[in-house]
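See structure below.
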Amino acid sequence: MLSVCAAVVLALLAVAAFVPLPFTIMYPGITVNTLGVYGGQRVITITGHPLRQTDGELRMVTIAATPPQDSISIGSALRAWPNPSEAVVPRAAVYPAGQSVAQVNAQDQQEMTQSQQAATTAALNYLKLSPDKVKVGLSLADVGGPSAGLLFTLGIIDELDGNGTGRPGAAGDLTNGAIIAGTGEIDDSGQVSQVGGVALKTKAAARDGATVFLVPQAECTDAEAGLPKGLRLVPVTSLDDALSALGSLQTGVGAVPSCS
């Protein structure tokens, strides 16, 4: 009798291991240098103003997720759960119930467009340049959401003015020639707000060579979880914070904020 019960339990467990669950697995996605090329196109194109030749990189970061049509079994979830480079979340947190993949993608693209417009406004306002004379185009095919706003803004400023010293190359870059990554939604006034997923984004940044990660201050605790070795967190609440921190990193003058 016991052997029969054991066999039934094992059979049920075997079946359960393959039963699809309403979860999605998230993991570090691509990073893109906003000062470079992606998908065969310049990420930032500017007309109406002289441009600088930049040496460093300003990388926006993403997180990826298993498609909604993919089945996540108990076995897959249990394997991913302890992995610091993966996160198991309810599917509805990524793909809202009642929305098709096309609708989710359309919403992400709308948020990206709004983010690009805010980034352009914030950058031109900071540089005191008129949008009637300076035209900025931003292209990042197949990437949605608002989280690249801060890095778009910094990229526009770097290409137009750098760190303001007028020096050529790395000495005049916001990056000092280094690979800087980060995340954060930005508004027209240059205020930076949280976006989520930073614990996975830091891993994408470190994987692609970044040494500094600009993070919305409200997300410091999340960003410190499993922080990759050699990646320095710099919390910001505004564009001015980010520019000040990058200036201090380059010159060694002034304090660079930290999460802890």
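The values are calculated or read from the model by the stated rules, or taken from the named source; none is laboratory data. What you see is a predicted model, and the numbers here were worked out from it, not measured in a lab. Methodologically, a virtual Cβ is constructed for each residue, glycine included, from the backbone with ideal geometry; neighbour enumeration extends over all protein chains shown. Surface accessibility is based on the protein's heavy atoms, side chains included, excluding ligands, DNA and RNA. Shrake-Rupley method; radii C 1.70, N 1.55, O 1.52, S 1.80 Å.
So which pairs qualify, if the first residue must be in the range 43-60 and closer than 25 Å to residue 142 by Cβ, the second must be open to solvent by 20 Å² or more (accessible area, probe 1.4 Å) and among the hydroxyl-bearing types (Ser, Thr, Tyr), the Cβ gap must be under 7 Å, and the two must be at least 6 apart or on different chains?
Matching pairs, first to second residue: 43/139.
In this structure, does residue 223 turn out to be of a type outside the set (D, E, K, R), closer than 17 Å to residue 34 by Cβ and either surrounded by 17 or more Cβ atoms within 10 Å (Cβ to Cβ) or modelled with pLDDT under 95 (or both)?
Answer is no for this residue.
If a residue has to be among the acidic types (Asp, Glu) and either surrounded by fewer than 24 Cβ atoms within 10 Å (Cβ to Cβ) or outside any helix (DSSP H, G or I) (or both) to count, how many in the range 130-158 make the cut?
Residues in the range 130-158 being among the acidic types (Asp, Glu) and either surrounded by fewer than 24 Cβ atoms within 10 Å (Cβ to Cβ) or outside any helix (DSSP H, G or I) (or both): 2 in total.
Going by the structure shown, is residue 204 out of contact with any helix residue (DSSP H, G or I) (no Cβ under 9 Å at 6 or more places or on another chain) and buried (at least 20 other Cβ atoms within 10 Å of the Cβ)?
When the stated conditions are applied, residue 204 passes them.
Take the residues in the range 93-107 that are surrounded by 14 or more Cβ atoms within 10 Å (Cβ to Cβ) and at pLDDT 70 or above; name whichever of them is nearest to the chain's Cα centre (by Cα).
94
For the range 30-58, what are the residues that are open to solvent by less than 30 Å² (accessible area, probe 1.4 Å) and out of contact with any Leu (no Cβ under 8 Å at 6 or more places or on another chain)?
Passing the criteria: 31, 36.
Are any of the residues in the range 164-179 assigned to a helix (DSSP H, G or I), of a type in the set (Val, Ile, Thr), touching a helix residue (DSSP H, G or I) at 6+ places or on another chain (Cβ under 9 Å) and surrounded by 15 or more Cβ atoms within 10 Å (Cβ to Cβ)?
Scanning the range 164-179 turns up no residue that is assigned to a helix (DSSP H, G or I), of a type in the set (Val, Ile, Thr), touching a helix residue (DSSP H, G or I) at 6+ places or on another chain (Cβ under 9 Å) and surrounded by 15 or more Cβ atoms within 10 Å (Cβ to Cβ).
I'd like the full set of residues that are surrounded by 19 or more Cβ atoms within 10 Å (Cβ to Cβ) and either of a type in the set (Phe, Trp, Tyr) or under 21 Å from residue 185 (Cβ atoms) (or both), limited to the range 242-260.
242, 243, 245, 246 - these are the residues of the range 242-260 that are surrounded by 19 or more Cβ atoms within 10 Å (Cβ to Cβ) and either of a type in the set (Phe, Trp, Tyr) or under 21 Å from residue 185 (Cβ atoms) (or both).
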